[in-house]
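Scroll down for the structure; my scribbles are underneath it.
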């Protein structure tokens, strides 16, 4: 083993034991890495959960056009979708805004009409139903989002009145179109505030009637086979679709929302990085103290033929080693805490506000977490570079010492 | 050029240090020649330039003027890297404060000299063990410096200085931190092992008794070498 490495490890572990300064420096890095990993994981969890929700409610790809699309299987878009081996299922949809009234309480929710038989293969709506059943849904019934049902005071079996923009169109032609009566067949809650606040789901036929679309639709939700590259499939579809029809991935369709999540993630990552940076100061300070304490030994190494860069390497290696061990322990602790995050959150909730109050207030009982390899690699690389740089300052100082002056020092 | 048999030679060494507005002449043309296996003592009062001379002879400091040869090689013309590497092989040094590395044991301290020069194998381990035995510390090889007495630490330092079979040992007040009896023992040991190893010894000391034990005694008075040179 080259002597700088030998001496570095001997100084870190004198007589086989771990020095106190080594422990303090390592714990600093460990805690920094743990916090970075946990915050990144939990932020990633929220982002991942929102992404899953979007996919669950829209599919991986959405086909839309400037004009209305033919909604039956003879349409050109249907044929293109059916020809793609990457697509498991595609379901047409029509969407818009309506006024809905129940017991003299009006609301203006977004409305989406689906071919439910086909939609079941694309969107797992059953998973999000709080009450009612999809089997009870027909062309004279609707499913309300939870907050909408609550604000209207509507329950399963109640009849709501739906006023569509088509009624104003008919009024212009001196025709009176009566509001459509629809039975509440179900109530859903996705866990996405925007969707849960004011959304009505209905059959495609009902939506086409409300908007006077005949058999046409606004677009298709597409579900891909597991493991398919969404971007590649979307690109292939865009090449095959007519120029005014576009296949958008779920990320593109929600680019603004995703960019906010990414921005938040990056900002938090940036802020958390300072914790690691501060922790690396403990390495710098402990190694600087070591250089000061060992000034005459450094002089001796020079007198015995040790080169300045070898002396520097000795201290640099110590910084890198402390960083590597701290990073390893930090990752282990971070993954352990992420693994048992719910136990910890529930324990803290029980000790403070109580489990029920906590779940009611935060509207979740399980803290989401999703760690991607890229983030972990970034944390490791960042931590190791910071630790090595932290070791460079004392290393540079040690290398700068002239043996004759170092030996003379008091 | 050096004479045959001369391992260390200095000619016209001068060294000045600024001291306020004045220039302090520490060495004023020192000439010195040390033969292979020879022992030489350099005495002088505090501030007479003994340590400065030793540092220059060791290549740790550069003279303002003069020449220095290690064997037949002009040491003051070597680059810093080469000088450092060459020093590790050519010279061994013993200091007043021992300068043992506290985190490693006595045997590892002795081996450190070989480790710095390139590596440690079975041969180096055997030599370190033999040297420790020779200085009377065969059973203390696994002791840290904190577990050794001052005299024992200095003996380890002597063994370390001899580890790479240097041509010259430079000893700077090696008994300065020791009591009289221990100091006498260390000096006797140093002279014996240097003679056995055929290493020349330059001993800087205040102690006239120790100086008399060397083959040649020199005095450094106000930067000028006086004595048999």
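We did not get these values from a lab; they are worked out from the coordinates using the rules stated. All figures in this text were calculated on a predicted structure; none of them were measured in a lab. Cβ: placed from backbone, ideal geometry, glycine included. Neighbour counts: every protein chain shown.
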Residue order, fewest to most beta carbons within 10 Å, for B:93, A:147: A:147, B:93
Fewest-first ranking of A:300, B:191, using other Cβ atoms within 10 Å as the exposure measure: B:191, A:300
Angle between chain B longest axis and helix B:122-134 axis [Cα atoms, degrees, rounded to 10]: 80 degrees
Using a Förster distance of 51 Å, the FRET efficiency for residue B:147-residue A:194 (Cβ separation, nearest 0.05): 0.10
Rough spin-label spacing in nm, given labels placed 7 Å along Cα→Cβ, for residue A:274 and residue A:385: 1.9 nm
Protection proxy ranking, peptides B:80-87, B:39-46, average beta carbon neighbours within 10 Å, highest first: B:39-46, B:80-87
Theoretical ellipticity at 222 nm over chain B - DSSP helices of four or more residues, -39500 (n - 2.57) apiece, nearest 500: -10500 deg cm²/dmol
Kirkwood-based Rg to Rh ratio, chain B, C-alpha trace: 0.97
Per-residue average of Cβ from other chains inside 10 Å of A:3-12: 4
Extension gain, residue A:346 back to residue A:15 (0.36 nm per residue minus Cα-Cα distance, nm): 114.8 nm
Estimated FRET transfer efficiency when R0 is 41 angstrom, pair residue A:88-residue A:108 (beta carbons, to 0.05): 0.75
Distance in nm between pseudo-label sites at residue A:131 and residue A:178 (7 Å out along the Cβ direction from Cα): 2.7 nm
Inter-chain shielding of A:290-300 (mean C-beta neighbours from other protein chains, 10 Å cut-off): 2
Chain B, relative contact order [Cα under 8 Å, separation at least 6], %: 30 percent
Extension gain from residue B:221 to residue B:89, taking 0.36 nm per residue of separation minus the Cα-Cα distance: 44.4 nm
Gain upon complete extension [residue A:168, residue A:255; 0.36 nm per residue less C-alpha separation]: 27.9 nm
Residue order, fewest to most beta carbons within 10 Å, for A:218, B:206: B:206, A:218
On Cα atoms only, tilt of B:106-117 relative to the major axis of chain B in degrees: 50 degrees
Shielding by partners - mean other protein chain Cβ count within 10 Å, residues of A:303-315: 5
Stokes-Einstein D for the protein assembly as shown, Kirkwood Rh over Cα pairs, 10 °C, 1.306 mPa s (µm²/s): 50 µm²/s
Label point distance in nm, residue B:165-residue A:139, each placed 7 Å from Cα along Cα→Cβ: 10.6 nm
Segment B:43-71 residues near the modelled residue B:77 label - backbone nitrogen below 16 Å, point 7 Å along Cα→Cβ: B:63, B:65-71
DSSP-defined antiparallel bridges as percent of all bridges, the protein assembly as shown, nearest 5: 70 percent
Segment A:40-196: C-alpha gyration tensor shape, a/c 1.5 cut-off, then a/b vs b/c: oblate
Principal-axis tilt of helix A:341-351 within chain A, Cα atoms, nearest 10 degrees: 90 degrees
FRET efficiency, 1/(1 + (r/R0)^6) with R0 56 Å, evaluated for residue A:79 and residue A:101 via beta carbons: 0.85
